[in-house]
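K.L.:
There's a structure below that I have some questions on.
The values are calculated or read from the model by the stated rules, or taken from the named source; none is laboratory data. The shown structure was predicted, so the numbers you read here are calculated from the model rather than taken from an experiment. Note: ideal-geometry Cβ built from the backbone for every residue, glycine included; neighbour counts use all protein chains shown. Heads up: the accessible areas ignore ligands, DNA and RNA and are worked out on the full protein's heavy atoms, side chains in. Shrake-Rupley method; radii C 1.70, N 1.55, O 1.52, S 1.80 Å.
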Amino acid sequence: MDLCVTIKGVSFLLQTGMGILGNTVVLLAYASILYSERKLLPVDMILCHLAFANLMILTIRCIPQTMTVFGLTDLLDDSHCKVVIYGYRIGRALSICITCMLSVFQAVTIAPAGSSLSRLKSFLPALVLPTVAGLWLLNMIIYVPALLFSTAPRNSTARTFTLNLGFCFMDFRDSMLYIIQGVIVSGRDFSVVALMLVSSCYILLLLHRHSYQMRGLRRPHPAKTRAAKTVVTLVVLYVFFFGVDNVIWIYMLTEAKVSLMVADLRVFCSSCYAFLSPYFIISSNKKVKNKIVCQAEQDQPASMDTQELK
């Protein structure tokens, strides 16, 4: 049992630490790009907001989760639990919505001239920030009930239809509220994932047609093709972990009392996308990679000069 707890704790610690580091590096790289170029491309703005949403997930939820796994108790009171659960729910919702937004944006961007989607290209840059602001406002409204159901752990046994998160409880009070909340969240998520998959399949279809038409010729837009493949890979990554997350969630909806191990497994799986996506962005986005490499090269001579002075 101690070995199991240790493995679980180390897994959460690595996921949280590496995830926070990766998303912070992406945000700092985009901040440096914005400082030097005075603007960000629409797709870069979307990726920047995605990194921020993932950073919210890892900071707000995974840090207390990691501390709880290592045996720390009584971390939060009722008011802090409400803030943590509310912030986590918003961060998770933004992560899925912005990934969907990224997929739809890329589908419109590479749509061939003359198609119905191509007419939207000229409007896209101006719609990015209002859309992100709208997603923030919408999800902040949707998850107001999280403020009502979140409580600090009690010494008494958790009631039926209560999700034990370790550091906080989600007390739904009766089966109807428990099921309604699950159906609303799952329904929203499945709808967004469906749109994400449709747009990604459209991107793959266009890439296939393009490669067939350009067989033996130089591709005219390698940057757009690379960006489209990056988006599709991010969607596949999200859908995989989303599937695992929701299989566990559906199981939890069918059980009146859920073990803490199952709840921990769901948190870990649902946070894997937030942990892995920044490293994929760094490896596939030339702007971000070049900015990180340039900064590392600038720091290296400075450290060498310091050693010479010593």
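K.L.:
Restricting everything to alpha-carbon atoms, can you work out Rg to Rh for the range 1-113 with a Kirkwood hydrodynamic radius? Don't skip to the end; give the middle numbers.
P.N.:
On the way: Rg = 17.7 Å, Rh = 16.1 Å.
Across the range 1-113, the Cα-based Rg/Rh ratio is 1.10.
K.L.:
For residue 78 and residue 177, what does the FRET efficiency come to when R0 = 25 Å and r is the distance between their Cβ atoms, rounded to the nearest 0.05?
P.N.:
Details: r = 18 Å, r/R0 = 0.72.
That gives a FRET efficiency of 0.85.
K.L.:
Keeping all protein chains in position, work out how much accessible area residue 241 exposes to a 1.4 Å probe, and write it in Å² to the nearest 10.
P.N.:
Its heavy atoms expose roughly 30 Å² to the probe.
K.L.:
Ranked by accessible surface with a 1.4 Å probe, highest first, in what order do 18, 170 come? Working shown, then result.
P.N.:
On the way: 18 80, 170 5 Å².
Final ranking, largest accessible area leading: 18, 170.
K.L.:
Between residue 115 and residue 142, take the C-beta separation as r, use R0 = 35 Å, and let me know the FRET efficiency to the nearest 0.05. Intermediate results must be reported in sequence, preceding the final value.
P.N.:
Numbers: r = 33 Å, r/R0 = 0.94.
According to the calculation, E is roughly 0.60.
K.L.:
If each residue of separation counts as 0.36 nm, what is the full-extension length gain between residue 287 and residue 122 once their alpha-carbon separation is subtracted? Numbers along the way, then the final one.
P.N.:
Details: separation 165, 0.36 × 165 = 59.40 nm, distance 2.32 nm.
That pair, residue 287 and residue 122, stretches by 57.1 nm at full extension.
K.L.:
State the answer as a single residue: which of 72, 51, 62 lies farthest towards the positive end of the charge dipole of the range 41-96, with beta carbon charges of +1 for Lys and Arg and -1 for Asp and Glu, about the Cα centre.
P.N.:
Highest projection toward the positive end goes to 51.
K.L.:
Looking at this model, which pairs from 121/287; 39/291; 229/287; 229/286; 39/229 are more than 19 angstrom apart at the alpha-carbon?
P.N.:
Numbers: 121/287 22 Å; 39/291 15 Å; 229/287 16 Å; 229/286 14 Å; 39/229 24 Å.
Those over the limit are 121/287; 39/229.
K.L.:
Heavy atoms of the protein only, probe of 1.4 Å, neighbouring chains included. What is the accessible area of residue 294 in Å², nearest 10?
P.N.:
60
K.L.:
Further question: Classify the range 95-143 as rounded, prolate or oblate, taking a ≥ b ≥ c as the square roots of the eigenvalues of its Cα gyration tensor: rounded when a/c is under 1.5, otherwise prolate if a/b is larger than b/c and oblate if not. Kindly include the intermediate steps, with their values, before the conclusion.
P.N.:
On the way: a/c = 3.38, a/b = 2.24, b/c = 1.51.
Here the range 95-143 falls in the prolate category.
K.L.:
Rank these by accessible area, largest first, 1.4 Å probe: 61, 38, 226, 173. Working shown, then result.
P.N.:
Numbers: 61 10, 38 175, 226 90, 173 125 Å².
Ranked from most to least accessible, the order is 38, 173, 226, 61.
K.L.:
Could I ask something else about it? Subtract the Cα-Cα distance of residue 188 and residue 152 from 0.36 nm times their separation in residues, and report this length gain in nm to one decimal. Please list the in-between numbers first.
P.N.:
On the way: separation 36, 0.36 × 36 = 12.96 nm, distance 2.70 nm.
Gain on stretching residue 188 to residue 152: 10.3 nm.
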